[in-house]
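Quick notes on the structure that follows.
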Amino acid sequence: MDVPANNEQASSALVRIGSAARAAWPWARRVREAAGETLDSWMSSLLGEDFAERLQRVPVSLGSSGVDPFGLDPGWTKYALASAAFLHRRYFRTDVYGANQVPTGRVLLIANHSGQIPIDGAIIGATMFMDVEPPRFVRAMVEKWSQSIPFVSTLFPRVGQVVGVPENARRLLEQGEALLVFPEGARGISKTFDRRYQLTDFGLGFMRLAIETKTPIIPIAVIGGEEQYISVGNLDTVAKLLRMPSFPVIPQFLLPGGQLPLPTKYRVYFGEPMHFTGDHDDDDAVIEEKVWLVKATIQSMLNRGIKARRSVFW
Amino acid sequence: MLHPPAGEEGAILITGICGRLGKRLARVLHRQRLVIGVDRRAFPDKPKDVIHQQVDIRRKKLKDVFRAHAISAVVHLGIMHNPRASSGEHHAWNVAGFAKLLEYVAHFRIGKLIVLSSANVYGPQPENPQFLSEEAPLLGGANFGEIRDLIEVDMLAQSFFWKHPETDTVILRPVHILGSVRNAPSNFLRLPTIPTLLGYDPMVQVIHERDVVEAIRLAVRPGVRGVFNIAGPDPLPLSRIIKLLDRPSIPVPYSVGRSVLKRLWSLRLTNFPAPELDHIRHVCMVDDRRAREILGFRAKQSIADTVRAVDSDR
């Protein structure tokens with residue numbers, strides 16, 4: 001390989017910036033350490049001592065480098081879980097039903113998707129960590145386009161989120177992970193208020209995967225997400241322009257503090273494990289029937305949950 | 001001249017022997033069998049029993065080399081990857097030269113052909129699965145024209161594999177090779193201050209040049225054929241790899257980085273074309289299960305030794 005040595009000028013500029021960075025480094029580190037300590041003490045005071053204890057017990061398969069091959073880093077996950085646990089316990093005061101039905105080992109968590117931003121995923125993650133025995137890290141499948149957004153593309157893998165392609169899902173299930181899938185995808189999360197808690201079409205991929213890898217499916221109904229941001233419509237042209245899956249119109253954004261989600265009360269229902277057998281390569285029509293069964297289960301769990309609740313906020 | 005089957009006896013022909021990897025391979029193999037090198041560059045400190053022919057592989061003289069020796073295996077390392085060279089010259093050397101080589105391998109019925117491709121042929125993309133298998137499409141050239149030659153070489157080798165069952169063709173696709181080699185990833189990690197992209201920190205696989213030599217040695221064994229991804233130690237986020245080098249790094253926004261790199265490139269102040277930035281933005285990791293099972297290959301160098309090898313200049 002021929003390499004002409006002509007990048008000296010550029011690298012000397014880089015060295016200068018580099019030495020400035022080095023001078024600022026000890027200061028930045030002290031700030032970071034102090035912030036870390038405050039955060040850690042805040043975490044244990046807010047979330048209780050059992051948070052740290054549960055963290056020790058989570059089964060994870062890390063490589064020799066201390067990072068899982070998908071980029072999950074326990075150092076980051078700790079903080080992500082703490083924030084999710086804060087939302088779960090304090091902000092949305094979640095009630096959890098049927099958490100004892102989640103089996104150990106590999107499992108596919110299938111849930112309804114709602115709420116404009118994926119807080120429901122964080123809540124399910126927190127539930128699986130705080131209320132399920134033994135505590136689990138949830139691996140969620142995320143949109144491909146999230147990988148081209150700076151910071152998000154770093155944060156998501158560090159906290160265990162994985163790009164939603166079948167190869168990744170298969171590999172995670174082979175590792176015995178708990179995989180969270182929203183089969184409604186982006187269509188589900190950006191529902192307008194008049195269509196709240198009505199499931200949109202399910203993708204078929206998760207069912208083929210479950211049959212192929214013989215993984216039990218846990219249906220999950222999440223209630224509370226649809227009222228956190230009230231969307232009255234979608235601007236499709238703007239969405240297309242910004243290359244986003246949707247562009248919701250949310251009037252509460254105009255109010256002071258309205259950017260935060262409304263503190264609705266979340267309710268998470270875990271259903272009984274469902275086992276499916278057959279040929280994973282079957283026609284869509286055959287797979288659709290099985291998917292319909294899961295969808296109907298979640299829809300009826302949603303309907304029962306909504307009927308049972310007396311108020312959106314408590 | 002009758003050419004013996006691929007085995008322990010018979011000479012091994014290495015093209016591009018004067019590259020750092022080629023020299024290393026020659027030093028490992030020459031103790032076991034006759035090594036014949038072909039390269040238009042000089043090989044000043046070659047071991048005494050290595051035969052070196054200063055031949056351009058596009059010339060007819062290459063045929064004389066095949067005629068004169070009992071060759072049982074050909075290892076093709078002679079791929080020019082100098083992004084500065086004109087695309088015409090690139091193509092003539094890499095593709096036309098390789099086609100000539102294939103012609104001779106077929107004509108003289110050589111038992112074994114090993115082609116060193118690269119995991120970069122898959123290309124870094126936001127929608128990549130975390131681990132690409134050997135069947136994944138070769139999309140590396142979509143954004144990065146400079147690698148199209150390499151993809152073409154890989155494809156030529158694949159069609160040769162199918163058309164000539166009498167030759168055991170092996171295509172190796174190693175991840176970023178680090179060491180004394182002068183390739184883009186090693187040069188990048190050798191920078192005094194390493195620029196990264198703000199908000200991006202993909203998981204990266206690297207491999208020590210010594211491990212690559214070992215993989216080639218394993219592939220020379222009789223009976224081995226097919227395409228193999230070659231991965232090194234467990235993957236790490238790019239930031240952790242830079243930390244292992246104990247060198248300062250500065251995060252640069254992608255748009256700034258790209259325009260600066262384009263400018264530096266046009267002023268000939270850098271050897272990194274702007275599309276290479278995608279390698280520090282998106283994942284391009286490979287699944288090396290096949291190499292583990294069939295080749296019995298497992299990287300021996302630790303991640304720390306692999307990364308620090310860029311500073312060793314031997």
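The values are calculated or read from the model by the stated rules, or taken from the named source; none is laboratory data. Small disclaimer: the values here were computed from a predicted structure and weren't measured. Glycine gets a Cβ as well: all are built from the backbone with ideal geometry, and neighbour counts include every protein chain shown. Accessible surface is based on the protein model in full, side chains and every heavy atom, while ligands, DNA and RNA are left aside. Shrake-Rupley method; radii C 1.70, N 1.55, O 1.52, S 1.80 Å.
Here are a few things to note about the model shown:
- Residue in region A:238-246 that is in contact with a helix residue (DSSP H, G or I) (Cβ under 7 Å, 6 or more places away or on another chain) and in a strand (DSSP E or B) present: no
- Any chance residue A:275 is surrounded by fewer than 16 Cβ atoms within 10 Å (Cβ to Cβ), within 19 Å of residue A:102 (Cα to Cα) and assigned by TED's automatic domain parsing to the domain that holds residue A:206: yes
- Residues in region A:168-191 that are on the phi > 0 side of the Ramachandran plot and either under 16 Å from the mean Cα position of the chain (by Cα) or without any contact (Cβ under 8 Å) to a residue 24 or more places away in the chain (or both): A:185 only.
- The one condition from (1) in a helix (DSSP H, G or I); (2) in contact with a Ser or Thr (Cβ under 8 Å, 6 or more places away or on another chain) that residue B:304 does not meet is (2).
- Subset of region B:142-155 that is under 22 Å from residue B:215 (Cα atoms) and open to solvent by less than 50 Å² (accessible area, probe 1.4 Å) - its residue that is nearest to the other protein chains (Cβ to nearest Cβ): B:150
- Considering (1) modelled with pLDDT under 90; (2) assigned to a helix (DSSP H, G or I), the lone condition that residue B:55 does not fulfil carries the number (2).
- Candidate set from region A:155-201 (those that are under 27 Å from residue A:106 (Cβ atoms) and polar (S, T, N, Q)); member that is nearest to the other protein chains (Cβ to nearest Cβ): A:168
- Among the residues of region B:94-130, the ones that are within 19 Å of the chain's Cα centre (by Cα) and within 12 Å of another protein chain (Cβ to nearest Cβ) come to 1 in all.
- If only residues of region B:170-187 that are of a type in the set (A, V, I, L, M) and part of a loop (DSSP other than H, G, I, E, B) are counted, the one that is nearest to the other protein chains (Cβ to nearest Cβ) is B:181.
- Hits in region A:201-237 - residues which are in a helix (DSSP H, G or I) and under 23 Å from residue A:306 (Cβ atoms): A:225, A:226, A:227
- Of all residues making up region A:97-120, the number that are open to solvent by 10 Å² or more (accessible area, probe 1.4 Å) and over 19 Å from residue A:84 (Cβ atoms): 7
Residues checked against (1) within 17 Å of the chain's Cα centre (by Cα); (2) assigned by TED's automatic domain parsing to the domain that holds residue A:298:
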{"residue": "A:52", "(1), (2)": "no, no"}
{"residue": "A:56", "(1), (2)": "no, no"}
{"residue": "A:78", "(1), (2)": "yes, yes"}
{"residue": "A:81", "(1), (2)": "yes, yes"}
{"residue": "A:85", "(1), (2)": "yes, yes"}
{"residue": "A:88", "(1), (2)": "yes, yes"}
{"residue": "A:95", "(1), (2)": "no, yes"}
{"residue": "A:99", "(1), (2)": "no, yes"}
{"residue": "A:108", "(1), (2)": "yes, yes"}
